[in-house]
Amino acid sequence: MAKGKRIWRAGAIVLAGALLTGAGSAWWHAAHWEPADGSYPVQGAWVDDRHDTRAVLALAEGGEGGTPLVRFVYATASSGASGRNDRFAEERERAGRSGLPFGAVHVFDPCVPADRQSANFVTLVPRDSALLPPAVRLDALGDDCPRPVRAAEVESELVTFLNQIEAHAGRRAVLAPSEAFEAAYGFGARSKRALWLGQDREEPAYAGGDWAIWTANSALRLDQLEEPVGWLVMRHEPGGETG
């Protein structure tokens with residue numbers, strides 16, 4: 001009986017080791033997966049408040065011989081009415097010195113009036129035709145606000161916000177709705193703006209699936225960076241209008 005228990009325990013240890021090895025291999029593959037260059041030649045990165053200014057420098061000059069690791073970069077500049085990336089100006093400057101196309105992301109807060117959010121954005125992001133079109137991350141829902149906000153109010157404030165930042169930027173924004181936001185409001189599919197959609201390792205099909213930018217890996221790890229980045233694909237060369 002004791003011998004049988006020892007055999008069972010040994011088998012369990014071997015099985016556990018195999019499962020851990022398999023899980024570790026799957027995690028490594030997921031963390032390092034990038035779309036094929038041949039199918040998606042225009043690839044870039046999205047950095048946010050987890051990253052310092054060295055991240056943009058590494059993306060711009062961290063390749064072989066000081067070449068860029070990416071074809072373009074987006075950085076989160078502002079969030080809601082008061083969230084600010086105080087490194088944005090330096091990140092923009094570093095990308096500009098390397099000739100790397102660079103754009104700003106605002107994280108929209110449905111709980112906050114549009115005027116306060118657009119004021120936050122335009123304070124940080126200059127009117128500059130060299131920038132990529134501004135992108136607006138749409139993730140939070142009005143139902144989750146301290147005072148729930150009806151869908152019609154969310155859309156009204158969002159349209160106001162978009163009109164304000166587009167007047168500042170001199171071009172239409174790119175909308176980046178999450179699948180949950182799009183399921184709740186359907187705004188992306190109706191907006192007639194370029195879409196930035198996200199789904200790890202598979203092209204997204206929500207909002208009609210007609211994306212201009214795709215977050216293909218939401219947490220790609222690069223040897224040159226301490227923190228993972230959002231790994232992006234763009235349908236066309238950066239520098240002009242997307243979509």
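The values are calculated or read from the model by the stated rules, or taken from the named source; none is laboratory data. The model shown is predicted, which means the values in this text are computed figures rather than measured ones. With ideal geometry, Cβ positions are generated from the backbone for all residues, glycine too; neighbour counts draw on all protein chains shown. Please note that ligands, DNA and RNA were not included when accessible areas were found on the heavy atoms of the full protein model with its side chains. Shrake-Rupley method; radii C 1.70, N 1.55, O 1.52, S 1.80 Å.
Brief remarks follow.
- Dipole magnitude of the chain about its Cα centre (Cβ charges: Lys, Arg +1; Asp, Glu -1), debye to nearest 20: 700
- Alpha-carbon centroids, segment 177-243 and segment 95-119: separation in whole Å: 16
- Cα-based Rg and Dmax for the chain, where Dmax is the largest Cα-Cα distance (Å): 21.1, 80
- Packing-based ranking, highest mean first, of 141-147, 87-93 given that Cβ atoms within 10 Å are counted: 87-93, 141-147
- Beta bridge orientation in the chain: antiparallel %, DSSP, nearest 5: 35
- The residues of the chain expose on average 51 square angstrom of accessible surface per residue, using a 1.4 Å probe on protein heavy atoms.
- Judged by the mean number of other Cβ atoms found within 10 Å, the most tightly packed of the peptides 227-234, 57-64 leads the ranking 227-234, 57-64.
- Mean separation of Cα contacts under 8 Å, 6 or more apart, over the residue count of the chain: relative contact order %: 19
- Helix-only arithmetic for the chain: the sum of -39500 (n - 2.57) across DSSP H runs with n ≥ 4, divided by the residue total, places the mean residue ellipticity at 222 nm at -12000 deg cm²/dmol.
- Peptides ranked, highest mean first, by Cβ atoms within 10 Å: ranges 33-45, 163-175, 67-79: 67-79, 163-175, 33-45
- Taking one quarter of the surface of the convex hull spanned by the alpha-carbon atoms of segment 109-209 gives a direction-averaged projected area of 6.8 nm².
- Computed over the Cα atoms of segment 194-243, pair by distinct pair, the Kirkwood hydrodynamic radius stands at 11.6 angstrom.
- Carbon plus sulfur fraction of accessible area for segment 36-234, probe 1.4 Å, in percent: 46
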